Amino acid sequence: MDNLDAARLQMAFTLIFHIVFACIGMVMPFFMVVAHKKWLNTKNPIYLTLTKSWQKGVAIFFVTGAVSGTALSFELGLLWPEFMKHAGPIIGMPFSLEGAAFFVEAIALGFYLYGWNRLPKKFHWFTGIIVGIAGVASGILVVSANGWMNAPSGFDYVNGEFLNIDPIKALFNPGWFTQALHMTLAAFTATGFAVAGVHAFQVYKKKHKELHMKAFKIALTFGALAAILQPISGDISAKDIAKRQPVKLAAMEAHYHTQKGAPLYIGGIVDNENQTVSYKIEIPKALSFLAFGDFDAEVKGLNDFPEDVRPKNIALVHYAFQIMVGIGSLLLIVGLLFFISFKKQIWWQKKWFWILFAVLAPTGFIALEAGWIVTEVGRQPWIIHNIMKTKDAVTPMPGMVYSFYMYIVLYTVLTVAVTWLMTRQIKFLNNSKTV
């Protein structure tokens, strides 16, 4: 394994793990403050028990996200020194602001965790809102930096030099809004369905049904709303990609030949050597319409681009895109069923209802991971789109494969620790005397 492959695998591996910790840490504070507010309004002790249980989960994922995120930040300098040499002065602002948001989140979380019976009730509850807002802001700022890699701006590139740097323009690059919106909705969808699925399984096992049903309702309300809104965000993102990164769009659809009125492929097996997609469902002219709002618009195929600027693994990008869209569509439908269930209360008495949501618990994160594969693999071979290739940014130092192995161990330990802590927390909640 050469340095480039080891570096890319390490970055991919750590992002796959960190994104789960980060998204849960962003979203769960909102579940917590809703339960807290319901306790303040109703004085129902079940909501207090639920709030205190969820606050422990927030604390666990905050710490884990901080550890995994810190390790990830070191990777940027360790693996991609040439990238950081030029990109650091340009996109240093979102990373600095992300650090400030992290500190605000940490301070607010400290107030919240230790403020019970010490702070005024409304102020104490409000600190929980600050935790959530700061967490989302932190995520958006990081995504802004990633958006800059897809849509570089805020500088002039002259004779291999980065001149006339404008950090504000780089922060609000053309890709930041679409990526931030899509990522934030994905985080709420994935976390909402995951948390709801855990509680649905407890209801199915008849463990403190009243508490878990209330928790399920709060979490899935967030998750279902985000899932219903996600296609709007996806459409905005697709049109943005079609305009700025047409080669990525072609890879997502495994679209090899330029065509007016291009069809949309659903599923299919990619044969890159023969440039075909077999066993797909083909919707005539749909890709042209989704990408450009015109059924007869021309969509460029992969063959219109030099081979050295296309993603190497077209199949992976296509399959990941299909998984993301497929699961997103499924969660949208199930989210609608959830809201319909308020009219069909009999569903809440059926085992199939709880089994359905328990089975769907991990699917949001599978879609989220697939979406990141589309974003990152689809951008290749560029680390800064159309400016710097990934192979030119990697460290020249040998032995990166050992760093990769070390990070595998680190993130595996974090995952085992979080799994154990959350399992213990669920058992503690089920054995709570309050309920």
Set 204, 157: member being hydroxyl-bearing (Ser, Thr, Tyr), open to solvent by 50 Å² or more (accessible area, probe 1.4 Å) and touching a Phe, Trp or Tyr at 6+ places or on another chain (Cβ under 7 Å): 204
Close pairs (9 angstrom Cβ cut-off, 6 or more residues apart or separate chains): in contact (Cβ under 8 Å) with a residue 60 or more places away in the chain and part of a loop (DSSP other than H, G, I, E, B) in the range 298-323, crowded, with 19+ Cβ neighbours inside 10 Å and of a type in the set (D, E, K, R) anywhere: 311/248; 311/379
Residue 192 vs. criteria closer than 15 Å to residue 371 by Cα, of a type outside the set (Val, Ile, Thr) and under 18 Å from the mean Cα position of the chain (by Cα): no
Every residue from the range 256-288 that is surrounded by 14 or more Cβ atoms within 10 Å (Cβ to Cβ), not in a strand (DSSP E or B) and not hydrophobic (A, V, I, L, M, F, W, C): 256, 258, 261, 263, 272, 275, 285, 288
Near pairs, Cβ below 6 angstrom, 6+ apart or cross-chain, from the range 394-410 (of a type outside the set (A, V, I, L, M, F, W, C)) to any residue that is open to solvent by 30 Å² or more (accessible area, probe 1.4 Å): 395/81
Residue 143 vs. criteria open to solvent by 50 Å² or more (accessible area, probe 1.4 Å), under 19 Å from residue 65 (Cβ atoms) and within 26 Å of the chain's Cα centre (by Cα): no
Among the residues listed as 352, 372, 347, the single one being among the aromatic types (Phe, Trp, Tyr), open to solvent by 40 Å² or more (accessible area, probe 1.4 Å) and under 21 Å from the mean Cα position of the chain (by Cα): 372
Of all residues in the range 407-430 being among the aliphatic types (A, V, I, L, M) and exposed (fewer than 12 other Cβ atoms within 10 Å of the Cβ), the one that is farthest from residue 214 (Cα to Cα): 409
Any hit, the range 216-225, residues being touching a residue at least 40 places away in the same chain (Cβ under 8 Å), within 30 Å of residue 42 (Cα to Cα) and either open to solvent by 70 Å² or more (accessible area, probe 1.4 Å) or in a loop (DSSP other than H, G, I, E, B) (or both): yes
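The values are calculated or read from the model by the stated rules, or taken from the named source; none is laboratory data. No experiment lies behind these values; they were computed from the predicted model shown. Cβ: placed from backbone, ideal geometry, glycine included. Neighbour counts: every protein chain shown. Surface accessibility is based on the protein's heavy atoms, side chains included, excluding ligands, DNA and RNA. Shrake-Rupley method; radii C 1.70, N 1.55, O 1.52, S 1.80 Å.
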